[in-house]
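Accompanying notes for the structure given below.
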Amino acid sequence: MKRSLLLSVLITLLSSAIFALEVNQPELTSTGDTTIEFINYTGPHKVIDSIAAIKQIGSGLGSQIAKSPAKSSSTAKNSKYYVIHAIDENETGKLDADILFIGPDATVDHITNLRRIISAYLSSAYGYSEKDADTLSVFITVYNAVYRSKLDTFKSKYKNVVIENLDSENCGLSITYKDWPGKSQIVIPLYDVANGGLSTVDTSVISDTSVVKSMKEDDDRNVESRKEMVDIKEREADAASEKAKESQKKAVTEQKKLEEEKQKTSEAKKEAEQAQKKAEQAQKKADENPNDKQAQKEAQQAKQEAAQKQEAAQQQQAKQDKQQTKTDNAKEEAKQQQALADKKETEAQSERKEIAKDQNEVQKKEAEQALMSTEFGMILSDEANMLSRLVKFNIENGEIVKNSPVSVIRNRTIYKASEGFIAIAGENAKNGAVKLVTIAEDTLEIASESENYIAADSILIKDGSDYFCVVDEKGSYYLGKFGEDLSLKLKSEIQVKSGTPVTITGSGIVVTDSKGKLRLLDKKDLSVLPKENK
């Protein structure tokens, strides 16, 4: 995203190190005057879950909902992740929804992994293809970020069964991963859960004007995701159009049946009227001849026959009314499906035009950037905790060209190496860890990380092709010597302060030991100098 620096970029080369100030790279921005940023944890982890394991979270939830998709249900609420499938057939005019809750003990800390969970859920619950589910998951997360804490907006669109499970503070999705556990109510609007398939999720709601506007503010305008959404809508339009044709044919058939029932009803009513007249005449004759037993008998029989004819007429009227309902439903279904087809087609055509414009702008911007004179530097991403981010910027005007997603570089120190940049990065929170990492120069993402944990307040010093920092071994700290491949070559024999200064001199390496005493270490083996004579 094109932004001017709010803080001046400071680049100072000291012993080949780069020190600077840093800000966050938003994955997506904004509705109105509000800027929305997905802030992810992008450092090393204690445990790295496989993509399959992450998706299994979503598919496991979805398989439970898939058992009775037309009925309200819920997965186990004591889990790290759970879903309330909020359905109410009795309330009309508003939307049902699935609500994904992220529990307090959940460790998801990157929007990509959260989207993997949502995508796998949609595939498992409603049969979406992986590609379509991936697209929907992007829009669902943006939608919930745009409308975070806007309960009135949700109230205007969703049924009471949905709203009673939301609160004003946590509805939607926070922009920062730190607020996800225990504070997320991700709403997935449902359009046609009864029939399932492509239109189960309401794509119009999750891609409304505010959502698309926010996506267009990203560097690449989210062109690819928007193209995929247009493709889904076009297929929705085609499917709805086919359903409309089928419903229209059914409506014609039902209308013919209705005409037949109307004819039968007319005949039945006519017979009932004739029978009633006959009964009245017979009764009149019986009244005039009270002693005529035959007249009395005939009057009773005529009355019974009239009652039977009346009942038959009523039954036939009921059949006609039932057929009338079938006919009306078929006509209404055809009308609704055609309206849906028209709506989706209109949205798709409009968005395709906007995408074409945005794509041209992106290509133009990329061409301009290719001609820029650029340099790498760092800017603060979290000034309070002194965390930084590597950036590539235009040296002519200071504008950032590319942000590294790694926003947890520690102590404002990074070194250029043959395979990219080496730095200490990470946080000791939940599944996060502090390690030595290599950041690739082309993608600015973590390419590799050390097996060893590093002290959070450790300094990083380069000496030739060696890198020195403090190794954290379950709360015991040692000076470590690492190679460019991030492997630990040597470890000091004595413990040191976690934040010890490291000074490289002609005699060796000066550190502060765990008791606060200055010690000189031998570069060769990190033993203490002077060595005792034996």
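General observations
- Helix 111-126 axis, angle to the chain major axis (alpha carbon atoms, nearest 10°): 30
- Of the trypsin sites (Lys or Arg not before Pro) in segment 402-495, the ones in a loop by DSSP (not H, G, I, E or B) with at most 14 other beta carbons within 10 Å are Lys474.
- Between Lys183 and Ala384, the modelled labels are 1.1 nm apart [label points 7 Å from Cα along Cα→Cβ].
- Relative contact order %, segment 75-165, counting alpha carbon pairs below 8 Å whose residues are six or more apart: 31
- When the surface is traced with a 1.4 Å probe over the full set of protein chains, Thr438 keeps roughly 10 Å² accessible.
- Given their separation in residues at 0.36 nm each and the Cα-Cα distance between them, Glu37 and Asp105 gain 22.2 nm when the chain is fully extended.
- Apportionment of accessible area to carbon and sulfur, the chain, percent (1.4 Å): 46
- With the gyration tensor restricted to C-alpha atoms of segment 327-398, the semi-axes of the equivalent ellipsoid amount to 50, 21, 6 Å, longest first.
- Cβ charges +1 (Lys, Arg) and -1 (Asp, Glu), total dipole of segment 397-534, debye: 660
- For the Cα trace of segment 138-223, dividing Rg by the Kirkwood Rh returns an Rg/Rh value of 0.98.
- Rounded FRET efficiency, nearest 0.05, which uses the C-beta distance separating Asp342 from Glu91 and R0 of 25 Å: 0.45
- In percent, rounded to a whole number, the relative contact order of segment 106-236 is 25, using alpha-carbon pairs under 8 Å and six or more apart.
- Between the Cα long axis of helix 130-146 and the first principal axis of the chain there is an angle of about 80°, rounded to the nearest 10.
- Remark: the chain carries 51 Å² of accessible area per residue (probe radius 1.4 Å; ligands, DNA and RNA excluded).
- When you restrict to C-alpha pairs under 8 Å that are six or more residues apart and normalise by the size of segment 206-300, the relative contact order lands at 13 percent.
- Equivalent-ellipsoid semi-axes of segment 78-134, from the Cα gyration tensor, Å, largest first: 23, 17, 9
- Charge dipole of the chain (Cα centre as origin; +1 on each Lys and Arg Cβ, -1 on each Asp and Glu Cβ, all else neutral): 920 debye, rounded to the nearest 20.
- Under Stokes-Einstein, with the Kirkwood radius over Cα pairs as Rh, the value for segment 336-472 at 10 °C and 1.306 mPa s is 89 µm²/s.
- Separation of segment 390-460 from segment 283-336 is 87 Å, based on Cα centroids.
- Degrees, to the nearest 10: 293-370 long Cα axis against longest axis of the chain: 30
- Diffusion coefficient, µm² s⁻¹, Stokes-Einstein with Kirkwood Rh over alpha-carbon pairs of segment 416-519 at 20 °C and 1.002 mPa s: 153
- Packing-based ranking, highest mean first, of 281-290, 196-205 given that Cβ atoms within 10 Å are counted: 196-205, 281-290
- Sum of -39500 (n - 2.57) over DSSP H runs of 4+, divided by residues of the chain (222 nm, nearest 500): -14000 deg cm²/dmol
- Which label in [x] 1.05; [y] 1.27; [z] 0.99 gives the computed Rg/Rh (Cα atoms, Kirkwood Rh): [y]
- Extension gain for Asn291-Ala312 works out to 4.3 nm (0.36 nm per residue, less the C-alpha to C-alpha distance).
The values are calculated or read from the model by the stated rules, or taken from the named source; none is laboratory data. Keep in mind it's a predicted model, so treat the numbers as computed, not measured. Ideal geometry is used to build each Cβ from the backbone, glycine not excepted, and the neighbour counts take in all protein chains shown. The accessibility values were calculated without ligands, DNA or RNA, using every heavy atom of the protein model including side chains. Shrake-Rupley method; radii C 1.70, N 1.55, O 1.52, S 1.80 Å.
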